[in-house]
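S.K.: Encoded as structure tokens, here's the structure I'll be asking about.
Read the figures in this text as sums done on the coordinates, not as results from a lab. In this text the structure is predicted, and so the values were computed from the model without any measurement. Note: ideal-geometry Cβ built from the backbone for every residue, glycine included; neighbour counts use all protein chains shown.
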Amino acid sequence: MATSIDVSDLNIYYDDFLAVEGVNISIPARAVTAFIGPSGCGKSTFLRSLNRMHEAIRGARVEGKVLVDGEDLYGRGIDPVDVRRRIGMVFQRPNPFPTMSIAQNVLAGRRLNGERLKKAEADAVVEQALRRAGLWAEVKDRLDRPGSSLSGGQQQRLCIARAIAVEPDVLLMDEPCSALDPISTSVIEDLIHELKAEYTIVIVTHNMQQAARVSDQTAFFNLAGVGRPGRLVELGPTEKMFANPDDPATEAYIQGRFG
Amino acid sequence: MSTTTETETRAVVRPGDRVFRGISSISAIVIVSTLAGVAIFLTAEGVPGMTASADQVKSGETFLRYVTPLVFGTLWAAVIALAIATPVSIGVALFISHVAPRRLAQPIGYVIDLLAAVPSVVYGSWGILTLSSSIQPLYVWLERNLGFLPFFAGPASATGRTILTAAVVLAIMVLPIMTAICREIFLQTPRLHEEAALALGATRWEMITMAVLPYARSGIVSAAMLALGRALGETMAVAMVLSASGVISVNLISSTNPSTIAANIALSFPEASGLDVSVLIGTGLVLFAITFAVNVAARALVARHREFSGAN
Amino acid sequence: MTMTLTPPETRERTAPSLRTRRLPKAAVGALHGLAVLLAVAWIVGPADARAGLLAVVLAGIVPLWSRIVEGRRKAKDRLVTLLVTTAFGIALIPLGSIVWTVLEKGVPVLSREFFTYSMRNVVGEGGGIHHAITGTLLITLGATVISVPIGLFTAIYVVEYGDGTRLAGALRFLVDVMTGIPSIVAGLFAYALFVVIFGDGVRMGIGGAVALSVLMVPVVVRSCEEMLKLVPTELREASYALGVPQWRTIVKVVLPTALAGIVTGVTLAIARVIGETAPLLVIAGATDSVNFNLFDGRMATLPVFTYTSIIQPGVPPEPAIARAWGAALVLLLIVMLLNLIARLVSHVFSPAGER
């Protein structure tokens, strides 16, 4: 359960447009890595390439290697569906399935794959996932209510529970708090702290304070120029990145001089 | 078509996906081949009739001579129907979008949509048994007062089953679709344009001419074209209402009227056999070609409207 | 854009009052009310054409009066509002007349016998539409069975697999073209197709189902496509991110989410083709007997029954025409019922916030 990701020379294209260029990064296991940077710098695109979600967009393709525990995600015979079972994702806006109840949402990843669970097993999975997502106490009496009946912050935690019910090794989070109020945000940040004991977590955030609060390692992405591809500018331990970055652009961004 | 992927390395396609994708593609192919089939089968069955000599068929005419009055009647009835339906549809659409109280707009829309739900045979029955007799006095009046116009030269039909009656029924039948499209377009008018006009102190009508109608012009044209396509192909109402005699005449109110292709097929097909069937299928092919052209033109207009309106 | 605002008259400019003179509301209302009353009286029956003429005159007074009191711009506005409202009134006349006529002449015909007897060996009075109802239901069922899978899967292809590709674009265009196929041409197509297989003069219920499918498929594709597009991409992505293959995502997430809309669309498509006459006249033909076999010989249907009863009523014509109105009423009720069901489904299941 200790999965690290090594990315070497990754280029991401949309058709012929080069969106992200030459990323080399190593993401350690059981730690939180934050991606920060101005809008449109390719940090979300890069995140989505880590579990091949970018392939849901027509014309997207990559060059380079993404090694997960030594195995290339883009190697021959690798099924993106299997990749995504190991590397889960939480999105910007909470997106519970509207036709399913809270419990069904949690089980979605298992049931939609055709797995047949006994009632007791299913109950156990639901309870465990909701407990780990810190939602159990709030919803245990209404598991058969629709997922959309929850508040935004609860919905997002339901989505996290849904992602961890598949028992992935890595959790990718694409600005998970940007649609939430400050209280829900803080609940989710606490949750990230707890989850990192078991999961490798990568989080994209617009909010630099959030990166500083939750992450162990921070990567700064920026555009090489107008109309040029995004690239990884600097990577380092979070304290160092915020206190004393090497690159002047990183410093300028962290001090709020652009972005 | 390449079913392979954006990523060259991805070689895995799950069996479930392959099957599902296969079924979807087959359905798409069925649709394409049906459309091709319509053209092919009509041609295959129609050509013998289209090339037959005059003495081989019941009508005793070559195909061209047989079909010409029908084409005229088809176009003539559809054009009159459109001339009636267009102003009324625009009026009704404006009523719904800009005049009626907001709360009533939606129920009124439903009521107009109900017109679209009435089956054509019901329109036909109503047209022949109710409308013809109640509209007949109007024809007498038109002949007496406007008889100097070729359209109303008369003599007025005693039954009222004239091409004008048929066109009125057609107009009622295409009214809902035209109204629905116009209403949508009127409602899409950018609110800012409307408010800009009102802020200049325009009355409601001035706002409509300044902001709504210029914006909607090409949409109205394509709505009319789509309605034209419908009117051209409508069968039963005309077949039942019209008492036709295969002439070419612009006289709207007399008892000798041109027939339409669709109505002629419906009336002649049950009793036809051999080459005569083939002739009728040939006329069907001509009708298909006409409606196809009108619809393609309408779609092209709609597509262009979308590109230029900036309101998608 | 032509911005032709009538320049304000100088008199108005020198007196920039916000309180311009207006027509008394009560008088305008009374004039309009009286005009509507007279027009209705004329159309419904008790009054003759003079009442209609008077209605036009009364309604026309308002803009003229407004021209004198309120000025040209306001008068024009009133005139156009009047015309637009009249257009709406005109559109209501045929609807009202049709519904009234069908009810008035159809209701007396309805009886137990009317629904349970066919026209076999019936001359003159009596008989019923059992055979026609059977045929209509069977043929429409056949058309639905053919159209729904083809239409639904094509929509899935266009939205889920081919979105943005050239083929999907071409397909969309062809479906649009198919929407414009005249119903009689669809009937001829089915006939021509079946002649190739079964030989000249073929009449079969299943042929009617095929013809109706040609008309129904594009409607189903269109509505399913719209409904699938309404399913947020985020839900698909959520499912993919859980490691669910695309086809399971479509079956378990996309289709259930769009279900209410799809049911509505299919119901409306059925309502649209169930009243089709022309194609059935060509390929299913007419008969007086009940026929339960779609693959064997002529099959009566409600629309064709209505049509033939009116066109060839026999002697004496009255009973046949009465039966035609009865059949028309039953057909109209079925269509309205289907429309009602469709509206209810879409209303009950539409997610909160929409509509």
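S.K.: Can you list residues from other chains, or at least 5 along the same chain, whose modelled amide H is less than 5 Å from the amide H of A:Val90?
M.R.: Here the answer is A:Leu172, A:Met173, A:Asp174, since their amide H atoms fall under 5 Å of that of A:Val90.
S.K.: Under the definition of Cα pairs under 8 Å and six or more residues apart, what whole-number percent is the relative contact order of the range A:144-230?
M.R.: Working: 60 pairs, mean separation 23.5, N = 87.
Value for the range A:144-230: 27 percent.
S.K.: In whole angstrom, note down how far apart the Cα centers of the range C:59-112 and the range B:24-99 are.
M.R.: If we compute the Cα centre of each part, the gap is 33 Å.
S.K.: Please rank A:Glu189, C:Glu104, fewest neighbouring Cβ atoms within 10 Å first, as an exposure proxy. Intermediate results must be reported in sequence, preceding the final value.
M.R.: On the way: A:Glu189 15, C:Glu104 12.
Exposure proxy ranking, most exposed first: C:Glu104, A:Glu189.
S.K.: Here is a follow-up. Could you run the Karplus curve 6.51 cos²θ - 1.76 cosθ + 1.60 with θ = phi - 60° over the range A:71-82 and give me ³J(HN,Hα) per residue in whole Hz, x for Gly and Pro?
M.R.: So the Karplus estimates, Gly and Pro as x, are 9, 7, 4, 9, x, 4, x, 8, 8, x, 4, 5 Hz.
S.K.: So which of A:Lys119/C:Lys229; A:Lys65/C:Lys252; A:Lys140/A:Lys196; A:Lys118/C:Lys229; B:Lys58/C:Lys105; A:Lys196/C:Lys252 end up more than 28 Å apart by C-alpha?
M.R.: On the way: A:Lys119/C:Lys229 35 Å; A:Lys65/C:Lys252 33 Å; A:Lys140/A:Lys196 24 Å; A:Lys118/C:Lys229 35 Å; B:Lys58/C:Lys105 39 Å; A:Lys196/C:Lys252 31 Å.
Exceeds cut-off: A:Lys119/C:Lys229; A:Lys65/C:Lys252; A:Lys118/C:Lys229; B:Lys58/C:Lys105; A:Lys196/C:Lys252.
S.K.: OK, next. Using a 10 Å cut-off on Cβ to Cβ distances, tally the other chain neighbours for every residue of A:79-87 and report the average as a whole number. Mind showing how you got there, number by number?
M.R.: Numbers: counts 7, 9, 12, 4, 1, 7, 4, 1, 2.
Partner-chain Cβ atoms within 10 Å, mean over residues of A:79-87: 5.
S.K.: Let me ask something else about it. Using only Cα atoms and rounding to the nearest 10 degrees, what angle (0 to 90) does helix C:205-230 make with the longest principal axis of chain C?
M.R.: 60 degrees
S.K.: Follow-up. To the nearest Å, what is the center-to-center distance of the range A:36-62 and the range B:163-230, using C-alpha atoms only?
M.R.: Value for the Cα centre distance between the two parts: 44 Å.
S.K.: Please compute the contact order of chain A in relative form: average sequence separation of alpha-carbon pairs under 8 Å and at least six residues apart, divided by the residue count, as a percent. Write down the numbers at each step before the final one.
M.R.: On the way: 505 pairs, mean separation 73.4, N = 259.
Normalised by residue count, the contact order of chain A is 28 percent.
S.K.: Can you give the extra length, in nm with one decimal, that the chain gains between A:Asp190 and A:His206 once fully stretched, where that is 0.36 nm per residue apart less the Cα-Cα distance? The partial results should precede the final answer.
M.R.: Numbers: separation 16, 0.36 × 16 = 5.76 nm, distance 1.78 nm.
Gain in length upon complete extension: 4.0 nm.
S.K.: Further question on the same structure: Would you calculate, for chain A, the mean residue ellipticity at 222 nm contributed by helices, counting each DSSP H stretch of 4 or more residues as -39,500 (n - 2.57) and dividing by all residues, to the nearest 500? The partial results should precede the final answer.
M.R.: Values: 10 runs with 90 residues, N = 259.
-10000 deg cm²/dmol, from helical runs alone.
S.K.: Within a Cβ distance under 10 Å of C:Trp325, other residues only, what is the Lys/Arg minus Asp/Glu net charge?
M.R.: Local charge sum for C:Trp325: +1.
S.K.: With the dipole of the range B:52-309 worked out from charges on the C-beta (+1 for Lys and Arg, -1 for Asp and Glu) around the Cα centre, which of B:Ile135, B:Gly219, B:Thr162 lies farthest toward the positive end?
M.R.: About the Cα centre, the residue reaching furthest to the positive side is B:Gly219.
S.K.: Using the Karplus curve 6.51 cos²θ - 1.76 cosθ + 1.60 with θ = phi - 60°, work out ³J(HN,Hα) for each residue of the range C:248-255 in order, rounded to whole Hz, and write x for Gly and Pro.
M.R.: Taking θ as phi minus 60°, the curve returns 5, 4, 5, 6, 9, 10, 5, 5 Hz for the range C:248-255.
S.K.: At 7 Å along Cα-to-Cβ for each site, give me the label-to-label distance between B:Phe148 and C:Val28 in nm.
M.R.: Label at B:Phe148, label at C:Val28, 3.9 nm between them.
S.K.: Something else now. Given the Cα-Cα distance of A:Ser178 and A:Glu63 and 0.36 nm per residue of separation, how much length would full extension add, in nm? Provide the component values of the computation, followed by the final result.
M.R.: Values: separation 115, 0.36 × 115 = 41.40 nm, distance 3.00 nm.
Stretched fully, the A:Ser178-A:Glu63 segment lengthens by 38.4 nm.
S.K.: Using a 10 Å cut-off on Cβ to Cβ distances, tally the other chain neighbours for every residue of A:90-99 and report the average as a whole number. Can you show the working numbers first?
M.R.: Working: counts 2, 4, 1, 2, 2, 9, 2, 7, 7, 10.
Going residue by residue through A:90-99 and averaging, the value is 5.
S.K.: Can you tell me which of B:Gly60, B:Gly16, B:Gly201 moves the most in a GNM of chain B? Springs connect C-alpha atoms under 10 Å apart.
M.R.: Comparing B:Gly60, B:Gly16, B:Gly201 in a Gaussian network model of chain B, the most mobile one is B:Gly16.
S.K.: Sort the following peptides by mean Cβ neighbour count (other Cβ atoms within 10 Å, averaged over residues), highest first: C:330-342, C:193-205, C:256-268, A:41-53. Write out the running numbers ahead of the final one.
M.R.: On the way: C:330-342: 18.6, C:193-205: 16.7, C:256-268: 20.2, A:41-53: 24.0.
Answer by packing, highest mean first, reads A:41-53, C:256-268, C:330-342, C:193-205.
S.K.: Which whole number gives the average count of other chain Cβ atoms within 10 Å of the Cβ atoms across peptide B:124-136?
M.R.: 4
S.K.: If I build a Gaussian network model for chain B, linking alpha-carbon pairs within less than 10 angstrom, which residue out of B:Ala180, B:Ala28, B:Ala52 has the largest mean-square fluctuation?
M.R.: It is B:Ala28.
S.K.: Give the calculated FRET efficiency between C:Phe295 and A:Glu251 to the nearest 0.05, with a Förster radius of 60 Å applied to their Cβ-Cβ distance. If you can, show how the numbers build up before the last one.
M.R.: Working: r = 81 Å, r/R0 = 1.34.
That gives a FRET efficiency of 0.15.
S.K.: Something else about it: Note the full-extension length gain between A:Asp9 and A:Ala29 as 0.36 nm times their separation in residues minus their Cα-Cα distance, in nm to one decimal. Before the final figure, lay out each step's value.
M.R.: Values: separation 20, 0.36 × 20 = 7.20 nm, distance 2.04 nm.
Computed gain between A:Asp9 and A:Ala29 is 5.2 nm.
S.K.: Output wanted: per-residue J couplings in Hz (rounded whole) for the range B:113-126, from phi through Karplus 6.51 cos²θ - 1.76 cosθ + 1.60, θ = phi - 60°, x for Gly and Pro.
M.R.: Ordered by residue, 3J(HN,Hα) equals 4, 4, 4, 6, 7, 5, x, 5, 5, 5, 4, x, 4, 5 Hz.
S.K.: Which percentage, to the nearest 5, of the DSSP beta bridges contained in the protein assembly as shown is antiparallel? Walk me through the numbers on the way to the answer.
M.R.: Values: 25 of 44 bridges.
Close to 55 percent.
S.K.: A further question follows. Quick check on chain C: helices-only [θ] at 222 nm, where DSSP H runs of length 4 and up contribute -39,500 (n - 2.57) each and the sum goes over total residues. Nearest 500, please.
M.R.: On the way: 15 runs with 251 residues, N = 355.
Counting only the DSSP helices, I get -23500 deg cm²/dmol.
S.K.: Here's something else I'd like to know. Rank by packing, highest mean first: peptides B:100-108, C:70-78, A:104-112, B:268-276, with packing defined as the count of other Cβ atoms within 10 Å averaged across residues.
M.R.: Values: B:100-108: 12.0, C:70-78: 18.2, A:104-112: 24.0, B:268-276: 15.4.
With the highest mean Cβ count within 10 Å placed first, the list reads A:104-112, C:70-78, B:268-276, B:100-108.
S.K.: Treating only the Cβ atoms of Lys and Arg (+1) and Asp and Glu (-1) as charged, compute the dipole magnitude of the protein assembly as shown about its Cα centre; round to the nearest 20 debye. Don't jump to the answer; show the numbers that get you there.
M.R.: Values: 77 positive and 71 negative charges, 493 e Å.
Roughly 2360 debye, rounded to the nearest 20.
S.K.: In percent, what relative contact order does the range B:52-309 have, based on Cα pairs under 8 Å that are 6 or more apart in sequence? Display every interim value, and only then the final one.
M.R.: Values: 360 pairs, mean separation 74.4, N = 258.
Relative contact order of the range B:52-309: 29 percent.
S.K.: With 10 angstrom as the radius, rank B:Tyr66, C:Tyr117 by how many other C-beta atoms surround their C-beta, starting from the fewest.
M.R.: Working: B:Tyr66 22, C:Tyr117 17.
Ordered from fewest to most neighbouring Cβ atoms within 10 Å, B:Tyr66, C:Tyr117 come out as C:Tyr117, B:Tyr66.
S.K.: So if I place +1 on the C-beta of Lys and Arg and -1 on the C-beta of Asp and Glu, and nothing else carries charge, what would the dipole magnitude of the range C:218-355 be about its Cα centre? I want it in debye, nearest 20. List each step's numbers first, then the result.
M.R.: On the way: 10 positive and 9 negative charges, 51 e Å.
My answer is approximately 240 debye.
S.K.: Can you give the charge dipole size of the range B:52-309 about its Cα centre, rounded to the nearest 20 debye, using +1 on the beta carbon of Lys and Arg and -1 on the beta carbon of Asp and Glu? Intermediate results must be reported in sequence, preceding the final value.
M.R.: Details: 14 positive and 12 negative charges, 101 e Å.
Taking the Cα centre of the range B:52-309 as origin, the dipole is about 480 debye.
S.K.: Counting other beta carbons within 10 Å of each residue's own, what order do C:Phe295, B:Phe41 fall into, fewest first?
M.R.: On the way: C:Phe295 10, B:Phe41 21.
The order, fewest Cβ neighbours first, is C:Phe295, B:Phe41.
S.K.: Roughly how many whole Å is it from the C-alpha centroid of the range C:130-202 to that of the range A:1-24?
M.R.: Going from one Cα centre to the other spans 47 Å.
S.K.: A further question follows. Would you pull out the residues with amide H under 5 Å of A:Thr218's amide H, same chain only if 5 or more places away, H placed 1.01 Å from N?
M.R.: The answer is A:Ala34, A:Gly236, A:Thr238.
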